[in-house]
1. Please work out which residue is nearest to ligand 1 (Cβ to nearest atom), limiting yourself to the range 192-206 and to residues that are part of a loop (DSSP other than H, G, I, E, B) and of a type in the set (Gly, Ala, Ser).
2. Based on what the data block shows, is TRP64 more than 26 Å from CYS441 (Cβ to Cβ) and in contact with a His (Cβ under 8 Å, 6 or more places away or on another chain)?
3. Has the range 63-72 got any residue that is within 29 Å of LEU387 (Cα to Cα), free of Cβ contacts under 8 Å to residues at least 40 places away in the same chain and acidic (Asp, Glu)?
4. Can you confirm whether the range 187-196 contains a residue that is among the small types (Gly, Ala, Ser), modelled with pLDDT of 95 or more and more than 28 Å from THR338 (Cα to Cα)?
5. Consider ALA224 carefully, then state whether it is aliphatic (A, V, I, L, M), within 16 Å of ligand 2 (Cβ to nearest atom), touching a residue at least 40 places away in the same chain (Cβ under 8 Å) and buried (at least 17 other Cβ atoms within 10 Å of the Cβ).
6. Using beta carbons and a limit of 9 Å, which pairs, at least six apart or on different chains, have the first residue in the range 119-138 and over 27 Å from ALA275 (Cα atoms) and outside any loop (DSSP other than H, G, I, E, B) and the second one among the polar types (S, T, N, Q) and within 11 Å of ligand 1 (Cβ to nearest atom)?
7. Would you check if ARG437 is under 27 Å from the mean Cα position of the chain (by Cα), closer than 22 Å to GLY228 by Cβ and either within 16 Å of ligand 1 (Cβ to nearest atom) or assigned to a helix (DSSP H, G or I) (or both)?
8. Quick one: which residue in LEU406, LEU442, LEU389 is outside any loop (DSSP other than H, G, I, E, B) and in contact with a strand residue (DSSP E or B) (Cβ under 6 Å, 6 or more places away or on another chain)?
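The values are calculated or read from the model by the stated rules, or taken from the named source; none is laboratory data. All figures in this text were calculated on a predicted structure; none of them were measured in a lab. Note that each Cβ is placed from the backbone with ideal geometry, even for glycine, and that neighbours are counted across all protein chains shown.
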Amino acid sequence: MSPNQDLSAVLTGNQFVIPSNRQIGASNIPENLADQRCAYLCGNSLGPLSKRSQSLLQEELQVWGTRAVEGHFSHPHGREWMNIADTITPLFAELVGAQEKEVACMGTLTANLHLLMASFYKPTSNRFKILCEAKAFPSDQYAFASQASLHGYDPKDAIVEISPRAGEFTLREADILDVIAKEGPSIALVIFSGVQYYTGQLFPMQKITNAAKEQGCICGWDLAHAIGNVPMALHDWNVDFAVWCTYKYLNSGPGGIGGLYIHEKWENVKSPEYAGWWGHDPATRFAMPPAFAAIPGAQGYQQSNPSVLATVSLLGSLQIFKECGMMYPLRERSTRLTAELEKLLVQSRFFVPITEVTAQGSASNAHRSPGFTIITPQDPESRGAQLSLLFLPTESNVMRSVFDKLSETGVVGDKREPNVIRLTPAPLYNTLEECQRAASCLEAAFESLKP
Ligand SMILES: Cc1ncc(COP(=O)(O)O)c(C=O)c1O
Ligand SMILES: Nc1ccccc1C(=O)C[C@H](N)C(=O)O
């Protein structure tokens, strides 16, 4: 069977619980469609519940209720809680393109980001800058600024942000590489998001990493919007470290457990600086020795025993990824779905080509009548599943009005201020029909706007 046949065999099983139109409160839906599933195009923010996760969670509750503390060491399904993270590490390794010892299932994104910045951001008087994209997700901006401050630097001096050119919305590869080449000797850390949360731009991760390494910088990545969305090869690309959350494309549930990656080349160079007992050699962990002996590699950075409920919730979804053949077949389906959605949106009579908007300047209010453009790159190699629609005129309530109307008709995307709606067909559970529905509801939403 080809990977795609595999994929449809898995997907026809309807592996996810998607809320109905009624459940999400869609009020403008014919009664006969009210109990059908909504068009859930928001897996870039929170993935839906998989049926597999639901049953694994129920199993763990049962084990907790019947074995209590014994569940750590003896488990009816062979998932002793002691080693629960081991169920995830091979799957994380495949998703990011790494060895198992280079990844750990632990913590949450921002906490892991601080942990790894504390280990890898070691500024000196000559080399102290952090290079990142402008308008990174705010939690990352706060983390970067607070790390710079902790080391005694004014974030205004230490943080170098690359912005799109005037009138543009996404970054040009050449501009990023240029800044790295010019400012490299003063940069301690190059850190970008793999896929940008607002624009959906997939950065050229390998090229950025190469350029950073050539300049002697540490290179780290925030993979919140990249993991489970695009294939990666962190080890081969020589990435130093990365962090991610799992509640978006990996469908682990709200506030799910996070992950991190550290290249094996650091294994014998660095040891965990913020040690905890879960990073200690499991062979002697429960002998409670006073001195810390780290597990070699990324898992030595674990601090606490992981939440078992959060971990199996993630496991259920990752088992579905595995049955689908992991990222390559999924990426292929994802590329097709996103291209279809794009094609339908571009046919809208309210669509304004990005070139027109760019020509007038990104903050321009030149478009007086309601419309939208797509700021996500058109090149499939420069984006993941998400399309970011920018609403015009930019200084208006068009985005909010359209968003409300989409919600009323059972199309779930999300709005990001000031004027973007993100729509994301995820290959594990979304369909072409849902893309069509989103496009036609968007058209109807515009048509119903008062002049
Ligand atoms: C790019 C990015 N970084 C950081 C975060 C914050 O993640 P968390 O709340 O899991 O720390 C998110 C999402 O919330 C994100 O999209
Ligand atoms: N965790 C959340 C809880 C509540 C609301 C949003 C989030 C998000 O994750 C937002 C996401 N990071 C984003 O790309 O906008």
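1. Looking at residues that are part of a loop (DSSP other than H, G, I, E, B) and of a type in the set (Gly, Ala, Ser), I get GLY194.
2. Judged against the criteria, TRP64 is not a match.
3. Within the range 63-72, the first condition is being within 29 Å of LEU387 (Cα to Cα), and the residues that meet it are none.
No; the residues of the range 63-72 include none that is within 29 Å of LEU387 (Cα to Cα), free of Cβ contacts under 8 Å to residues at least 40 places away in the same chain and acidic (Asp, Glu).
4. Yes, the conditions are met somewhere in the range 187-196.
5. yes
6. CYS132/GLN141; CYS132/SER193; GLU133/SER193; GLU133/GLN196
7. no
8. Values: LEU406 fails: in contact with a strand residue (DSSP E or B) (Cβ under 6 Å, 6 or more places away or on another chain); LEU442 fails: in contact with a strand residue (DSSP E or B) (Cβ under 6 Å, 6 or more places away or on another chain).
None of the other options fit; the residue is LEU389.
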